[in-house]
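Undergrad: Let me give you the structure first, and then I'll get to my questions.
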C-alpha cells in the first residue's frame, strides 16, 4: 500500500462537523489503470456514489475537471487510513455514531472481498475510512447536530404576513436586490401566499463556476445563474411567495446586458463571504437553507421548495437542452423535476414546433440535493461552451423566458 502521512486538522470551515480527538492518519494512494477515468477509479473503490468524494479527488490531486488520468500514475483517493486502536471503530476515529461505525466496518469488509486490500482491519490494525463518512452531510449527521444549530431570525422582507387574504393588484413592493431598474414592482396576486421558495444560484464569490474563456467576452456561470435566479425570485414574490435568495450580490441586480461582467463580491444570505473551497461553500448554503426551513416550519409553512440553478460545461460542439436532477429519496423533488421538464417540453413544442426537446430528468446524488431538508430540484440550463447554447442565457429576453418557464414548472 502507498500512504502519504498527513496531520488531520479540523477547522471552523467544516461548519457543524467536528470530531473530538484529531489524530494522525494516512491517505491511501492507488495507481490508475489503463482506461481509468475519475468515475471508474472511484467506482472500483465504492466511492463514486457520493459527489463530495469526486470533488475531494480533484482537489487533493490538484486536477482540473477536464484533465485525464495517466496510466500508472499514483493518485490519492478519498480514503483515510487510521491505525485501529484494537477497541472499536468509534474510539479509533473519535465518533459516537454506531450506524456510521457499522457502515465503515462493512466498507472495509467489502473492499477486502473485492481484493483491493489484503488484510482484515482487526488483524492488521489498519482501518480504511471513506471521506464521505467524515465530511459529507447525511441524515444521521444532521440529527447528531440538531441541538447545535441556531435558528434563523425572521427576515424583514416577510411580505406575506402583511398581505390581505384576497388578491390585490397595484400593491407596490420593493426589493433592492433586483437593482435600480427593477427594485420597485407590483404585486400580481396572492396565489403563492403561504409558500416558501429557496432560490440558489450556483457558485459565486471567488468561484465563477463554468467559464467560456475563448468567447468574445468571458462568460462566468455564476453571473448568469444569479441573474436568472433574481428573475425567478421576482416572479415568485409577485404572486405572494416568501423567497429566500441564498446567494446575493448587492451591486448586481437584474441586468439587461448581453455580457455580464464577472466579479467576486457575491455573499451568502447570512452576509458572510462565499467560501472558496467547494465543500465548505456547499455546506454553508445548505446550512442556511436548513435553518430557514426549520424556522418557517415552526411558523406553520408546510409548502417549501428549493431550486439550484446552474449552467453546465461540456465540449464546445455539444448542444445541450436544459435538464433537471432530483435526489432518489425525494418524491416531491421528483415531482418538481417532472413538472419543470414537462413545462419546458411544452414551451419548445409551442414556440419551436420542429425543433424538439432533448432535455432529461435524472437522479442525482449531488451534495445540495442530498443534504437540504426542503424538496429540491437542480437545474442545468445550458452548455456554456456551445455557441448556440450561449444564446439561451446571454440574451436578456431568454434569461427572462428561462425564469418564467421555471416559475411555471415550480407552481404546477
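Since every read-out is calculated from the coordinates, none of them should be taken as a lab result. Quick caveat: nothing in here was measured; it's all calculated off a predicted structure. Here the Cβ positions follow ideal geometry from the backbone for every residue, glycine too, while neighbour counts run over all protein chains shown.
Undergrad: With the Cα gyration tensor of the range 175-247 in hand, give its eigenvalues times 5 under a square root as the equivalent ellipsoid semi-axes, listed largest first in whole angstrom.
TA: 28, 13, 9
Undergrad: Okay, moving on. In what sequence do 73, 325 fall when counting other Cβ within 10 Å, fewest first?
TA: 73, 325
Undergrad: For each of 98, 128, 405, count neighbouring Cβ atoms within 10 Å of the residue's Cβ, then give the residues from fewest to most.
TA: 98, 405, 128
Undergrad: Still on this structure, please answer the following. If packing is taken as the mean number of other Cβ atoms within 10 Å per residue, what is the order of 59-69, 268-278, 386-396, highest first?
TA: Output ranking for 59-69, 268-278, 386-396: 386-396, 268-278, 59-69.
Undergrad: Taking only DSSP H segments of four or more residues, each worth -39500 (n - 2.57), what value at 222 nm results for the chain once the sum is divided by all its residues, to the nearest 500 deg cm²/dmol?
TA: So the calculated ellipticity at 222 nm is -10000 deg cm²/dmol.
Undergrad: Moving on to the next point. Mind checking the full-extension length gain between residue 335 and residue 87? Use 0.36 nm per residue of separation minus the Cα-Cα distance, one decimal, nm.
TA: 84.6 nm
Undergrad: Could you please rank 287, 118, placing first whichever residue has the fewest other Cβ atoms within 10 Å of its Cβ?
TA: Placing the least packed residue first, the sequence is 118, 287.
Undergrad: Additional query: Report the equivalent ellipsoid semi-axes for the range 278-412 in whole Å, largest first, defined as the square roots of five times the eigenvalues of the gyration tensor built from alpha carbon atoms.
TA: Value: 28, 17, 13 Å, ordered largest first.
Undergrad: May I pose another question? In the chain, if every C-alpha pair distance is counted and binned at 10 Å from zero, what percent goes to each bin?
TA: Distribution as computed: 4, 20, 29, 24, 14, 6, 1, 0 percent.
Undergrad: Could I ask something else about it? Between the range 356-412 and the range 34-104, what's the alpha-carbon centroid distance in Å?
TA: 30 Å
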